[in-house]
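The values are calculated or read from the model by the stated rules, or taken from the named source; none is laboratory data. What you are looking at is a predicted structure, and each value in this text was computed from that prediction instead of being measured. Virtual Cβ from ideal backbone geometry, glycine too; neighbours counted across all protein chains shown.
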Amino acid sequence: MARDPLNPDPRILRELQSAARQATNGQLLRLASALDDLPHRAVAEGVMDAVRPRLRHLRPSRPLSLSRLLFLPLDPLLVAPGDWRPGRGLVPRSAILPMTEHLRSAEFALVTALEARLAGAKLTDVVLAAEQGALLWPAASRALPRSPPAGWEEAGLPGQHFAAVAKICATLWRHAPVLWPLRLAGRDGPPEATLRPAFRVIAADGPEAVELCLGALLPYAAQPACMVAVVAGLSQALAPPAERALDRYLSGITPGLEGADLEAMADAAARFARTLKDLDSALTRDKPKRSQQLQALRMSAAQSCSERLEQEMARRLTEPLAVLLAAPAPADAAVEALEQAAMALRGIGDSTRRLHASGASERLFAPVIAQITALAVRLPASGAGFLRADALRLLEILAGSQVAARLG
Amino acid sequence: MVELLDPPLLDAFAAASGKPARCAERGVAAPFTTPLLFAARLRLGADQGIEVLVPNPAGREGWFVLPWAAAREALQPSLADQALIGALTTLVADTAELQPLQMRQAARQAASTGLAGRAARRAASGTSPAGAETMRGFAQALNEWLLTCPMEEDRRRAAALAARVASISAAITALKAEAARTDTAFRLAWVLDGWVLLALLWHFSPAEARTAVLRRSMALAPPPADEMLRWPGCADLGRIPGAPALAPQTRFVAPAICEAVLAEWLVIH
């Protein structure tokens with residue numbers, strides 16, 4: 001007998017998750033693409049839950065489907081069904097299918113026209129998402145049923161929690177047309193000129209709406225504490241929900257450095273170090289817990305960076321350097337690949353220092369810097385081999401231009 | 001990628017005029033590989049020493065003028081940038097003037113040392129497409145990007161920059177129509193100066209850095225000298241309307257992007 005697509009066999013799901021964890025980056029991208037073509041999301045979401053940290057770094061090209069567009073504003077609040085608990089302002093991924101199908105029947109004409117416009121579109125098409133979302137999200141908010149839609153309990157969701165989940169969805173869908181551009185602009189810091197009027201409107205919906213909407217934006221903000229300060233500064237009434245949103249954000253963030261290749265990890269570590277620097281401004285005497293949370297995050301991220309440096313220093317730097325030195329005419333591409341690896345390692349080292357000023361990571365660089373310094377003075381200035389300029393560039397990357405200039 | 005600079009670092013230095021009378025006063029855009037120095041302008045000071053003009057790091061409109069020695073101390077230029085200044089110093093000692101042609105010669109000499117990377121060393125001896133084509137491509141890329149930009153203020157910035165780039169293209173066409181003049185090449189070089197660097201910066205920047213690059217490009221856009229505005233087809237090369245205040249940024253892109261720009265810039269004429 002065929003199984004209910006809403007409830008995949010747990011044993012098979014575990015096997016698929018295990019296979020996904022072991023897949024190479026290329027295999028994982030192909031798997032993500034194949035799962036996107038499945039008509040039902042339950043299995044796909046279940047498998048993806050096991051590899052989401054890696055997928056975040058790989059950034060596969062995902063289709064902009066109806067359900068994905070619908071739940072785009074709720075992204076940071078979506079959790080695997082097993083991690084969902086009522087009362088925490090989160091939405092289980094298993095709610096996506098029944099709520100999407102309800103909308104399809106409630107707003108058939110709108111959904112049909114919209115799906116035609118989304119055909120072939122990708123999640124990266126942010127303008128199309130904004131245009132179509134502006135039609136879809138408010139309509140979805142209005143069309144929410146008063147009782148659980150068909151398929152709700154079959155998805156393993158208790159009926160008594162529908163109202164709370166629906167309220168979260170309704171709030172975010174109602175304000176999503178304004179939140180979406182704020183979210184996209186978040187990586188350049190809080191766009192204050194747009195943030196203020198948006199939250200003045202959201203505030204009319206009550207403090208809970210402010211907390212939810214801010215919570216949905218903070219993971220995308222380069223300076224989350226700054227964003228909270230802007231919203232909290234709008235009025236005395238907005239300060240408590242803004243502070244609660246920040247506390248909730250702090251309790252949920254992780255360095256997210258796992259599963260990335262070296263270059264992606266360097267970028268992610270730099271971003272995380274900058275975010276923590278911003279969050280330092282949210283530390284006050286009456287919030288001692290925040291200080292502990294930030295310190296724990298610093299230690300955890302610095303530890304991940306140090307371990308990665310130890311693992312990769314030889315494999316990506318000293319061993320390839322030895323190969324290039326032995327080659328009579330190393331290819332330009334090989335020299336450039338070595339420089340790229342050196343930049344990524346240096347970036348991770350810099351982030352480690354910013355996260356936790358112990359100097360431990362610098363000790364990992366010291367031997368290779370000494371080796372290259374010795375090399376730079378005896379390598380030839382011209383010819384087909386690895387040259388003095390190549391060594392000086394490596395030294396500049398790893399130790400800085402002032403150190404390299406002393407030999408130059 | 002964006003890191004902030006301590007604004008007081010440069011506050012002690014003089015401000016450059018936003019409306020230079022002559023090209024020599026405006027200075028020539030340099031293909032530096034240090035992000036904070038990228039597309040900074042160079043000119044000869046009263047003592048014939050090289051001066052660096054950098055956008056106001058406090059985010060306000062305008063440029064600061066620093067002697068090169070002070071810039072080297074404050075901004076820690078790369079070895080490649082130091083080699084560029086070394087080559088330029090030798091060249092201008094002979095001619096006592098600093099023009100786009102000398103900048104290109106010095107950049108080729110510096111790139112041939114390999115200190116800007118192997119791609120730049122390869123490029124030091126090549127040539128390819130004309131700058132006018134690069135400008136058309138830049139304007140088109142900006143106009144396409146602004147359709148995907150979520151923030152209204154950045155769409156306005158992109159539109160203003162695209163309009164200015166289009167006016168450069170129009171000026172190039174008008175100047176080329178006067179090809180019989182002996183100073184046409186001189187004028188073309190000045191009109192295009194700095195803009196190819198910005199076009200290539202846009203081209204090589206990753207999608208997620210485009211907003212920061214746009215804002216930085218607005219600050220880096222070289223102002224036309226008054227004498228340029230009197231050249232045929234150049235009357236529209238005025239100040240970009242609505243040039244924004246900018247957050248001070250030391251690293252709006254990675255040095256590797258600046259090096260990629262340099263390698264491509266070397267072969268564009």
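General remarks:
- Whichever residue in the stretch A:242-300 is over 17 Å from the mean Cα position of the chain (by Cα) and in a loop (DSSP other than H, G, I, E, B) and, among such residues, is nearest to the other protein chains (Cβ to nearest Cβ): A:SER281
- Members of the stretch A:116-129 that are in contact with a helix residue (DSSP H, G or I) (Cβ under 7 Å, 6 or more places away or on another chain) and under 15 Å from A:LEU72 (Cα atoms): A:LEU118, A:ALA121, A:LEU123, A:VAL126, A:ALA129
- Any hit, the stretch A:62-84, residues being more than 27 Å from A:ALA245 (Cα to Cα), surrounded by fewer than 20 Cβ atoms within 10 Å (Cβ to Cβ) and within 19 Å of the chain's Cα centre (by Cα): yes
- Residue check for A:LEU217: closer than 22 Å to A:ILE96 by Cβ and out of contact with any Pro (no Cβ under 7 Å at 6 or more places or on another chain): yes
- Annotation note: of A:ALA302, A:ALA337, the sole residue that is at pLDDT 95 or above, more than 30 Å from A:ALA232 (Cα to Cα) and of a type in the set (A, V, I, L, M, F, W, C) is A:ALA337.
- Odd one out for B:THR184, checked against (1) of a type in the set (Val, Ile, Thr); (2) surrounded by fewer than 20 Cβ atoms within 10 Å (Cβ to Cβ); (3) within 14 Å of another protein chain (Cβ to nearest Cβ): (3)
Residues checked against (1) surrounded by fewer than 18 Cβ atoms within 10 Å (Cβ to Cβ); (2) within 11 Å of chain A (Cβ to nearest Cβ); (3) part of a loop (DSSP other than H, G, I, E, B):
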site: B:ALA93; (1), (2), (3): yes, no, no
site: B:GLN102; (1), (2), (3): no, no, no
site: B:ALA107; (1), (2), (3): no, no, no
site: B:LEU115; (1), (2), (3): no, yes, yes
site: B:ARG122; (1), (2), (3): yes, yes, no
site: B:GLY137; (1), (2), (3): yes, no, no
site: B:ARG156; (1), (2), (3): yes, no, no
site: B:LEU161; (1), (2), (3): no, no, no
site: B:VAL165; (1), (2), (3): no, no, no
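- With respect to the conditions (1) outside any helix (DSSP H, G or I); (2) at pLDDT 95 or above, A:SER358 lacks only one, and its number is (2).
- For the stretch B:152-161, the count of residues that are closer than 24 Å to B:GLU25 by Cα and of a type in the set (A, V, I, L, M, F, W, C) is at least one.
- Identity of the residue in the stretch A:349-408, hydroxyl-bearing (Ser, Thr, Tyr) and within 13 Å of chain B (Cβ to nearest Cβ), that ends up nearest to A:GLU339 (Cα to Cα): A:SER401
- Residue check for A:VAL111: surrounded by 15 or more Cβ atoms within 10 Å (Cβ to Cβ) and within 14 Å of another protein chain (Cβ to nearest Cβ): no
- Leading residue by the ranking (surrounded by the fewest Cβ atoms within 10 Å (Cβ to Cβ)) among those in the stretch A:323-336 that are within 11 Å of chain B (Cβ to nearest Cβ) and assigned to a helix (DSSP H, G or I): A:ALA333
- Just one of the numbered conditions (1) assigned to a helix (DSSP H, G or I); (2) free of Cβ contacts under 8 Å to residues at least 24 places away in the same chain is not true of A:PRO380: (1).
- Filter result for A:GLY159 (touching an Asp or Glu at 6+ places or on another chain (Cβ under 8 Å) and closer than 23 Å to A:GLY206 by Cα): no
- In the stretch A:116-169, the qualifying residues are those that are of a type in the set (D, E, K, R) and more than 14 Å from every other protein chain (Cβ to nearest Cβ), and the one that is surrounded by the fewest Cβ atoms within 10 Å (Cβ to Cβ) is A:ARG146.
- When B:GLU3 is tested against (1) loosely packed, with under 15 Cβ neighbours inside 10 Å; (2) among the charged types (D, E, K, R); (3) at pLDDT 90 or above, only condition (3) is not met.
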